[in-house]
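Here is the structure we will look at.
The values are calculated or read from the model by the stated rules, or taken from the named source; none is laboratory data. Fair warning: this is a prediction, and the values are worked out from it, not measured in the lab. FYI the Cβ positions are ideal-geometry reconstructions off the backbone, even for glycines, and counts take in every protein chain you see. Remember, those area values only see protein heavy atoms, side chains included, never the ligands or the DNA or RNA. Shrake-Rupley method; radii C 1.70, N 1.55, O 1.52, S 1.80 Å.
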Amino acid sequence: MEFQVVQVSSLEKLRGDSISQMNEVHEKTVLAGERLSYQVGVRSDRRMEAEVSVESELSDYVKLFFVKNAVMDLTTTERDMEGEDYITFEPGLMPDILVPAKEQNSQLTIFNEISTIWVRVDIPENITPGEYEIKIKVAFKNVWTPECPMSWAGQVMRVHVIPAVLPKQKLIYTRWFYADCIAVQHQVEVYSEKHWELIDQYIAAAVDGGMNMILVPVHTPPLDTAEGTVRPCVQLVDIKKDGSKYEFSFEKFRRFVGICKKNGIEYFEIAHMFSQWGAKYAANIMVEENGKKEYLFGWHVAANSAEYIEFLKQYIGAISQELANEGISEKTYFHISDEPTLDAIETYKTASDIIRPLIGESKTFDALSKYDFYEKGLVACPVTSVSHIREFLEHKVENQWCYYCCADERVVTNSFLAMPSHRTRVLGFLLYKYDIKGFLHWGYNFYNGRLSRYPVNPYLTTSGDGAFPSGDPFIVYPGKDTVYTSIRGEVFYDAIQDMDICIALEHHIGREAVVSMIDSAAGKELKFDDYPKNKKFLEELRDLMVKKLKES
């Protein structure tokens, strides 16, 4: 064998020399407006140079990425994981980083192990239904004998577009956005013009990956910060104190919101007002007084201090007015404190009682796993861990959200590097079945070690230097003056599309019938902690739904 080219599902992770073990895919049926992703794997016994190109009527809508390996330095923090649904428990390399092929002039160097091309086709909404072909061509040249003629290989995908349009995404989706990590990784000054350019790129990439909500750092978010320390200040609101009165300047805030709107962000979440894990302290907030800037509030100020409460009344009032001016009040959510524990319910209640009367048409929401917080009316939209969501579902909570994080290592859906892609994508059908309104994850671009004590190189550690299972802290990678998406991000986007297809089908056959289809395909009642652990279930169910839509 001189070289081999195969075409496989987006749910495969091509590693080592596993190319011969994959089932090939040559035909897909899609809706107008849908994103189709698949992979072309290339392997050679000799060192070869290859040039990759596309031939298709749809070439204007095709993007090619070269898949690069990420360093998977910590697969899981748990022990005794035998039987759990992971690709491997051993540290090593895992395909994940998607680098646009044009950055490498569409040139690949191939030798022994698989080189993978990620093919993404954004089908336009106004496309004429029918059949289209996409040919991925690979031209090979032997590195050691360049005088030899080039060899060609190709793979064809037949795409059938049905006369139905994928509905607009209903899910509200956010991963926490860290402006400070962008500044540190790219070595630029906070809110310099270069920083703003990068913020624009990262937000554009977030929207491209399905995010329609962003964490707004009105003050530096009090997240993953060691007690008594501060992260680089990325506070958007400039604050001055004059006696008992505060003045607020929103110029940077308006620029940030403008970038978000330009890129398609529809929902906004305001940074937490109190410290993480219990709301015991004020957030780190920079204030200018008598010409001097310092953290007037922070770890040294109790959450229920009279001075902080008076500040919040003025601060949140000013923010609420600015949200109204921007026309986004109804689509804005305020955080109180992240992941409060049950023993902190009284301090959380005190904080919640302060915030809720001040925010007008906006809502409160927080990541929490104890039903008591919602039962006592302390939060409007509970964001519950997938490992603890059953009690909330049994109570049929209105405005239920969910999240997963480093603690969700067993059984449930997640997006760690060591997990197979089907474990990430199954979330879409779960979101639909249980009528989940939103999904939150804590790490869009967290490039720090535990509690942000120091920055890390995400190309050397994907675990925050051993703090979390690899892949948990971020889903995009910093490039040179750019940002790269990932396989995990694209697979999550497909999960959202699965949810959207369910919604489209519901309009024709009703919600009960769609849920019945899901459970029937699963061979049991689909649950967050009980679902088929294979890609066949997902692909066959999606294809069945598309077929039903075509018939309708």
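Quick notes
- Taking the 1.4 Å solvent-accessible surface of the chain as the whole, the part contributed by carbon and sulfur is 46%.
- Rounded if a/c under 1.5, otherwise prolate or oblate - the stretch 231-302, Cα gyration tensor axes: oblate
- The 3J(HN,Hα) values that the Karplus relation (6.51, -1.76, 1.60; θ = phi - 60°) gives for the stretch 63-74 are, in residue order, 10, 10, 10, 8, 7, 10, 7, 9, 7, 9, 8, 8 Hz. Gly and Pro appear as x.
- Trp118 contributes an accessible area of around 0 Å² to the protein surface, as traced by a 1.4 Å probe with all chains present.
- Each part gets one Cα centre, and for the stretch 395-441 versus the stretch 265-280 those centres are 21 Å apart.
- Among the trypsin sites (Lys or Arg not before Pro) found in the stretch 151-229, those both in a DSSP coil and sparsely packed, with 12 or fewer other Cβ atoms within 10 Å of their Cβ, are Lys168.
- Residues whose placed amide H lies under 5 Å from that of Gln400, excluding near-sequence neighbours: Lys437
- Nearest-ten-degree value, helix 535-551 long axis tilted from longest Cα axis of the chain: 90 degrees
- Among Val483, Val159, the order of accessible area from largest down is Val483, Val159, computed with a 1.4 Å probe on protein heavy atoms.
- Isotropically averaged projected area of the stretch 163-266, using the convex hull of Cα atoms (one quarter of hull area), nm²: 9.1 nm²
- Karplus-based coupling profile of the stretch 339-355, in residue order and whole Hz: 6, x, 8, 4, 6, 9, 5, 6, 5, 5, 4, 4, 5, 4, 5, 6, 6, with θ = phi - 60° in 6.51 cos²θ - 1.76 cosθ + 1.60 and x standing for Gly or Pro.
- Taking the average, over residues, of other Cβ atoms within 10 Å as the packing measure, peptides 69-80, 278-289 rank 278-289, 69-80 from highest down.
- Alpha-carbon centroid distance for the pair the stretch 308-369 / the stretch 11-74, whole angstrom: 45 Å
- Exposure ranking of His160, His195, His388 by accessible area [1.4 Å probe, largest first]: His388, His160, His195
- With the helix formula -39500 (n - 2.57) applied to DSSP H stretches of n ≥ 4, the chain reaches a computed 222 nm mean residue ellipticity of -8000 deg cm²/dmol.
- With R₀ fixed at 45 Å, the C-beta to C-beta distance from Lys524 to Val230 puts the FRET efficiency at about 0.35.
- Remark: relative contact order (the stretch 204-252) = 26 percent; criterion is Cα-Cα distance under 8 angstrom and separation of 6 or more residues.
- Mean sequence separation of contacting Cα pairs (under 8 Å, at least six apart), scaled by the length of the stretch 261-396, corresponds to a relative contact order of 24 percent.
- Selection of chymotrypsin sites (Phe, Trp or Tyr not before Pro), the stretch 11-110, meeting DSSP coil and at most 15 other Cβ within 10 Å: Phe89
- Local electrostatic count, Gly443, Cβ distance below 10 Å [Lys/Arg +1, Asp/Glu -1]: -1
- Protection proxy ranking, peptides 50-60, 253-263, 347-357, average beta carbon neighbours within 10 Å, highest first: 347-357, 253-263, 50-60
- Tensor-based shape of the stretch 241-354 (alpha-carbon gyration tensor, a/c under 1.5 rounded, otherwise prolate or oblate): oblate
- Whole-Å distance, taken between Cα centres, linking the stretch 453-482 and the stretch 522-552: 33 Å
- Length-normalised contact order of the stretch 367-495 in % [C-alpha pairs under 8 Å, at least 6 apart]: 20 percent
- Working from label points 7 Å from Cα in the Cα-to-Cβ sense, the Ser305 to Ser244 distance is 1.7 nm.
- Amide H contacts under 5 Å for Arg46: Asn112, restricted to partners 5 or more places along the chain or on a different chain, H placed in the peptide plane at 1.01 Å from N.
- Between the listed residues Ser320, His395, Ser352, the Cα displaced farthest toward the positive end of the dipole of the stretch 287-405, a dipole computed from Cβ unit charges relative to the Cα centre, is found at His395.
- Fully extended contour minus Cα-Cα distance, from Phe111 to Arg511, at 0.36 nm per residue: 139.0 nm
- Cα gyration tensor shape of the chain, rounded if a/c is under 1.5, else prolate or oblate by comparing a/b with b/c: prolate
- Derived scalar couplings between HN and Hα for the stretch 439-445 equal 10, 10, 9, 7, x, 7, 8 Hz in order, rounded to whole Hz, by the Karplus curve 6.51 cos²θ - 1.76 cosθ + 1.60 (θ = phi - 60°), x for Gly and Pro.
- Taking all protein chains into account, the per residue accessible area for the stretch 211-261 stands at 37 Å² (1.4 Å probe).
- Amide proton proximity set for Ile214, modelled H, under 5 Å, gap of 5+: Tyr267, Phe268, Glu269
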